[in-house]
1. How far, in degrees from 0 to 90, does helix B:7-17 lean away from the longest principal axis of the Cα atoms of chain B, to the nearest 10?
2. Using the C-alpha atoms of the range C:40-139, what convex hull volume per residue, in cubic angstrom, is computed?
3. Determine the order of C:Glu76, A:Glu124 by accessible area, beginning with the largest, at a probe radius of 1.4 Å.
4. Find the chain C residue whose Cβ sits closest to the rotation axis that carries C onto B, and give that distance in whole Å.
5. Measuring nothing but label to label, 7 Å from Cα along Cα→Cβ, what are A:Gly74's distances to the other copies in nm, shortest first?
6. Counting only other chains, what is the mean number of Cβ atoms within 10 angstrom of the Cβ of each residue in peptide A:98-111?
7. Which entries of B:Lys73/D:Lys106; A:Lys73/D:Lys106; C:Lys73/C:Lys106; B:Lys91/C:Lys106; C:Lys106/D:Lys106 have Cα-Cα distances beyond 23 Å here?
8. Show C:Tyr119, A:Tyr134 ordered by accessible area, largest first, where the area counts protein heavy atoms only and the probe is 1.4 Å.
Number of protein chains: 4
Amino acid sequence: MNVAMQVDEIAAYLDEVFPQVRGDFVIEAVADRAVRVRMPVAERHLRPGGTVSGPAMFALADVSVYIAVLAMKGREALAVTTGGSFDFMRKPVAGVDLICECRLLKIGRVLAVGDCLIYSDGMEEPVARASMTYSMPPK
Amino acid sequence: MNVAMQVDEIAAYLDEVFPQVRGDFVIEAVADRAVRVRMPVAERHLRPGGTVSGPAMFALADVSVYIAVLAMKGREALAVTTGGSFDFMRKPVAGVDLICECRLLKIGRVLAVGDCLIYSDGMEEPVARASMTYSMPPK
Amino acid sequence: MNVAMQVDEIAAYLDEVFPQVRGDFVIEAVADRAVRVRMPVAERHLRPGGTVSGPAMFALADVSVYIAVLAMKGREALAVTTGGSFDFMRKPVAGVDLICECRLLKIGRVLAVGDCLIYSDGMEEPVARASMTYSMPPK
Amino acid sequence: MNVAMQVDEIAAYLDEVFPQVRGDFVIEAVADRAVRVRMPVAERHLRPGGTVSGPAMFALADVSVYIAVLAMKGREALAVTTGGSFDFMRKPVAGVDLICECRLLKIGRVLAVGDCLIYSDGMEEPVARASMTYSMPPK
């Protein structure tokens, strides 16, 4: 499939419609049904013990799948998250950015399913796995 | 089962070990394997369209199960989230607090499973369902 | 909401469209957005150690949510399972039927979400929790 | 990591401890933290419309992760399924075997997490995604 929006275009669109997370995420790459997104780790993401919080990883997976849907469908895609599942497998490295490798397993007319592996930047083993389901309401 | 920590004690403990979320959550009730937690809705929780974000609801479910584990096990409980699943079913009412009704389905020696229904305050139908798994590492 | 199909009607319909599972499940009760289904435990459901298998519990949860959707929407409901999540919390009692208490948290035009607790008959604590998502394709 | 058991050894062990599913699954390949398992499709796996049932796909994912754990840990591994999540994305091709590509994302001392993509044999797009969590009780 062809990509409908490129990195700069998606980043500008997100800043416009979703100013609450401006600066929280950096889109590193967009390809056919796949994106890579970086989350520069900030104090507000931390939990006791110095590890990144589950909600911060949820946010990273959620925005990554949303970005992947935008990339394939374009800005008219009014996708809303309808479900998700998570496995938190390792403690993220303290003070290191998180990288989300996201792949769309399905991008249908009404449902999209994205699969994410989240890494501490530079590490080989993922810290978390996530899958997110998005629903695309009829126009 | 008897409750090991009461509301005020848990609230003070959370403020101490988890200052990043101070003020984000209000523990309303603690009972045998059940807690109710309020999330006063703030601008930073919002998404395009005025709805509360998925990550904010994840945070609410996550902290609610953690509070329920603390309530039953006491402060020595070093629980970490190992997994979770979510269904987002309705759009939260804009500008209204969220209420999480959480029940521990299992509180074992090494694993705890909590089930959460999240409501817009005053509404009858839940906006989201969540289940979270916590692991209690050996001391 | 009013129930669209009663127990006998649903049972006859399942036998007709889904003969592979004839005799596997007994519908015990149908109410507004809630059903109770019994699975008489058979040799083919067992796993090493005498416990009921995960797939058998999946089947029970899946059919229970399907029955709940039929009960509310009637036989024209062409629902297909689009997702599910499970927690297996206790070992089922050997040689004892399983009971699934299922509640529809959402029964919309295109999506239904059902929540299930599965018990060994007569036990107070659930052996498993399941949530299933069904999609209702447009007619 | 080194593989602790090879295909023939695992197949013989499964037949011994889990005779209920003898013949249901064919282990095609075992490698470091990865297995491929075939499910020859049989009448009992079908649902209305000729598609393979969700429970059959659950069984395939569940046994695949179990095989992967055996492959890495050896036969002393007393793993039990503690949770799982599923996305059913496409209708399997009628009358065609299912293939499960399974990868262990974590194989720790007490928890294992496996990720599965299930395909109709010969198709490029997966019909389902599954992740399963296994707990390894202390000896």
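The values are calculated or read from the model by the stated rules, or taken from the named source; none is laboratory data. Keep in mind that this is a model prediction, so the values were computed, not measured. Every residue, glycine among them, receives a Cβ derived from its backbone with ideal geometry; neighbour counts consider all protein chains shown. Please note that ligands, DNA and RNA were not included when accessible areas were found on the heavy atoms of the full protein model with its side chains. Shrake-Rupley method; radii C 1.70, N 1.55, O 1.52, S 1.80 Å.
1. 90
2. On the way: hull volume 9.7 nm³, N = 100.
Taking the convex hull of the Cα positions in the range C:40-139, it is 97 Å³ per residue.
3. Working: C:Glu76 105, A:Glu124 170 Å².
Highest to lowest solvent-accessible surface, that is A:Glu124, C:Glu76.
4. Result for the C and B rotation: C:Ser85, 2.
5. 4.0, 6.0, 6.3
6. Numbers: counts 0, 0, 0, 0, 0, 0, 0, 8, 9, 0, 2, 0, 5, 8.
So the per-residue partner count for this stretch is 2.
7. Going by Cα-Cα distance, B:Lys73/D:Lys106; A:Lys73/D:Lys106; C:Lys106/D:Lys106 fall outside the 23 Å limit.
8. Numbers: C:Tyr119 50, A:Tyr134 0 Å².
I get C:Tyr119, A:Tyr134, largest accessible area first.
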